[in-house]
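A short write-up of the structure that comes next.
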Amino acid sequence: MCLGVLARVVEVGDIVSKVSLGGAIVEVINGVGNLKPGDVVIVHAGLIIQKVTVEDVISNLYAIYELQKAHYIYNGFSDEEASKKALEDIKKLGAELGIDQKLVEETILNFNEEEIAKFFT
């Protein structure tokens, strides 16, 4: 199983760039071209494997939110507490990636649960 994580490009080099990954600045190998500071990318094993748009991130926020919420419930939080903590986490992720906080919150609060099915079909 592979795990790619979202990061924001901070500095671009010819072969190695720096990204902000959960608040830490990390050097990674450029696996895609045309990078610029502020780009949102997916990093896997120290390699940038894909650039993503803000729209791509927004369209996946609810799935990430639900995973975070399930994590908190599994660890003993009530549904209400888990929802609040997961929303805080998603807002932090959005801020880290340079996405407007109102847009993040609106995406989560206005999400139609039936749309989640498209992630699994």
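Taken together, the values in this text are just the output of simple stated rules run on the coordinates, not laboratory data. The model shown is predicted, which means the values in this text are computed figures rather than measured ones. Cβ atoms come from the backbone with ideal geometry, glycine included; neighbour counts cover every protein chain shown.
Points to keep in mind about this one:
- Rg/Rg_globular for the chain, with Rg_globular taken as 2.2 N^0.38 Å and Rg from C-alpha atoms: 1.13
- Where only C-alpha atoms are counted, convex hull volume of the range 27-94 per residue in Å³: 103
- With Rh defined as the Kirkwood radius, the inverse of the mean 1/r over Cα pairs, the Rg/Rh of the range 5-52 is 0.88.
- Ordering of 93-104, 20-31 by burial proxy (mean other Cβ atoms within 10 Å per residue, highest first): 93-104, 20-31
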